[in-house]
Every structure is written in structure tokens, then in C-alpha cells.
Amino acid sequence: MKKLFQSDWVSRLIDAFMPVFATLAALVLGAVMLLFLKVNPIEAYQALWDGAFGSSNAFAETLVKATPLLLIALGICISFRGDVINIGGEGQMIIGAIFATWVGLTFTALPGWLVITLAMLAGFLGGAVWGGIPGFLKAYFRVNEILSTVMMNAIAVQVMNFLLRGPMIDPSQAELASKIPQTARLLEIFRLPRLAPTRLHLGALIAGILAILVYILLWRTTLGYRIRAVGQNPHASRYAGIKVPRYIVLALLFSGAFAGLAGAIQVYGVNYRMITDGSASGFTGSAGFNGIVAALFGQLHPIWSIPASILFGALLVGANSMQRVVQVPSAFVTALNGLVVVFVVSSEILRRRRQRRRLAAVGKDEESPPTVDKEKIPQGETVT
């Protein structure tokens, strides 16, 4: 039993560091690619580090980039713990931003703090609605949530393009031939306060506080316990009296809500308007997908998602700096980001397989009858 405990402890330690090993492996492969490009990998990665952490401004930019990733990751922690795969963060972020932007452009006579509060709530609600629709379809009609969330992404992009080229377009752009798809700029009093003489805004602090609240939700409340129970075994949960469809909907609803809040904070803390190039990433910067990887890197734990999001924010900011300093092609930056994503997701799949094998081994050990050493049985006694 002691040997089994020790091996289990080592396996858990390996599983905990597996995303780190995966990221390092991706960076090593990236170094090989840099050698093929005749670029010194040490200089390149030094530029990446300096671009992300080399100064207070660089670190602030890293935190700004990490904020939407963390909010998306928190929603992913909830949905994945409920065994619901949410790929719709991009669309949910867009809809949340649309709701929040509408508030800022409509209620211009209200005080700034009130408009910001209403906008954050509107973004939260918009994302919740957009995430709740696939949740409802999965819970009551057994529609695959991966397909439905991806389709909702496509719909959200079309809604955004329609609004930003029509009803919500900046009036100054409407008069020009270019007609850039963007809204009017928000009033200065509607912008999220800065936390330092950099671009770092209040949204980063909000995301950090929400990470703690999500941890409390998942591990210290009945609602969180039921979401996790449904994710681990829906049949046993149903037998225990838990209404499984309700918690499937709630898991995706919460996940979409945090993505919608990320969109609202992006508008009120960074862009000060909604603008796109016609694609989802033109507004989100692919945060809806990168946030999934950050959550997986953090082992689907809200607190561990904080450093994971900072890491991926650093990779995104530092990669741009590396491109400028050592003159690597933009395709390499995209490839490096893709390598990290593939390696981290693969490590999560491997971790889950190892976990299943470990649980199966423990089950077999408990089911096997105890063995008796006949040599140690005193003479005159029998084994029954």
C-alpha cells in the first residue's frame, strides 16, 4: 500500500508539471525552427522575455493581454468541470462587447461609474445568453455543444459585422467611402480607470478577484459541487436527485457570461470602442481560443489559471517584440503560438489518460483478495 501511495504521489506530481514540460518542448521545437531561419534562438527568446517582462510598461502590456485570457479561462474552468466543452468564447466575447458598447453609446447622460457598472453587467448578461443557448440545446435536445458553440461563433461574427457596418457604425465613418467597421468612441468618463501610468486598467484587478470567487463557487458552494458532480458522473448525479440538464445549462451559461465580461472589459479598458476587420479575431485577438489553452495549462483550476494566463499573455506580447528585434517572419510568431497550443492540449489529453489508468489500477488493487504467505502460518493452523 505504501508503494502504491508513493507511485501515486509521483504520478500526480508529473501530471501537475506536464503543461510546463509541454510548453518547454514547444519552445525547444521553436528554437529548432529559428535555427533553420538562421536566427540565434537565445537572442530571439531574450527579446521575447524583454518584450514581456523587461520593463514596467512591458509587464503592464502582458497583464493587459492576460486579462481577457483569464476571464475566458475562468468560464472554461466552470464548463469543463461540468463536462461541457465550450468552444464559443469568441462569439460570447463579441456579443458581450456589443451589449456593453450599446450601453455606453446610449446612456451618455448618466454618471460614468453607473454606465461602467451597467456595461459590465450587460456584457456579462449578453455572454450568458449566447452561452446558454448551446447549453439548452445540449441539455434538452442532446445537440453536440462543440458544433453548436462553433456555429454560434459564426453567427456572432455576422451580427457584429452587420451592426458595425450599419446601425452602430461611427457616424464619421458612415460619411466616408472606407466605412471602417467600428463604433463611435466612448466618452472619456466611461473608460475603466488606469491602475498605473501605463495601459493597465481596472479590468485586470476585476479578473483576479473573480478568479478567487470562481474558486469559492466551484469548491465551497452547493452549486459548484453539483456542477462538478454532473461533470464527473451524470448518471450517478441523476440517481442522487440532481437535475442534470439544469446544471449543464448553468455551466455553459456561466462560461459564456465570463467571456461576455471579457468583451466588455476589452471595449471599456483597451479599445474604447468596438472595432474589427470583419473577423472574430479582429476584435478578440483570438482570446476565446487562447483562454481555453490557459485554462488547460492551469489544470482547470481558477487560481492556477492566473499565472497560466500571464504566461500566455507574455508569449503573445513577447512574440511581437521578438518579431521586431530579430526580424523573424510573422508566420513564425503564429507557428510558435500554435505549437504551444498543440503541445499543451496534447499534454492535457495525456494527463487524463494517465489519471484514468491510475484510477483503474487502484480499483483493481481494492478488488483483488489479500494474499497469504503460507510459510508464515504457524503449524497446526489452516488457511480458510
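The gain in end-to-end length when the residue 246 to residue 20 segment is fully stretched comes to 77.8 nm, 0.36 nm per residue minus the alpha carbon separation. Each peptide in 74-80, 18-24 receives the mean, over its residues, of other Cβ atoms within 10 Å, and ordering these scores from highest gives 74-80, 18-24. Quote the FRET efficiency, to the nearest 0.05, computed for residue 346 versus residue 150 with a Förster distance R0 of 25 Å and r equal to the Cβ-Cβ distance. The pair residue 346/residue 150 has a calculated efficiency of 0.75. With neighbour counts taken as other beta-carbon atoms within 10 Å, the residues 81, 246 rank, fewest first, as 246, 81.
First select every other residue whose beta carbon is under 14 angstrom from the beta carbon of residue 215; then total the charges, Lys and Arg +1, Asp and Glu -1. Walk me through the numbers on the way to the answer.
Details: positive: 81, 220, 228; negative: none.
With Lys, Arg at +1 and Asp, Glu at -1, the net is +3.
Applying a 10 Å radius around every beta-carbon, put 140-151, 283-294 in order of their mean neighbour count, most first.
Answer by packing, highest mean first, reads 283-294, 140-151.
Each other residue within a Cβ distance under 15 Å of residue 251 adds +1 if Lys or Arg and -1 if Asp or Glu, for a net charge of +4.
Taken along the Cα-to-beta-carbon direction at a fixed 7 Å, the label points for residue 28 and residue 209 span 4.3 nm. Available extension along the chain between residue 174 and residue 216 is 10.4 nm, counting 0.36 nm per residue and deducting the alpha carbon span.
The numbers here are math on the coordinates, done by the rules we state, and not lab data. Here the structure is a predicted model, which is why all the values come from computation and not from measurement. Using ideal geometry, Cβ is built from the backbone for each residue, glycine included, and neighbour counts are taken over all protein chains shown.
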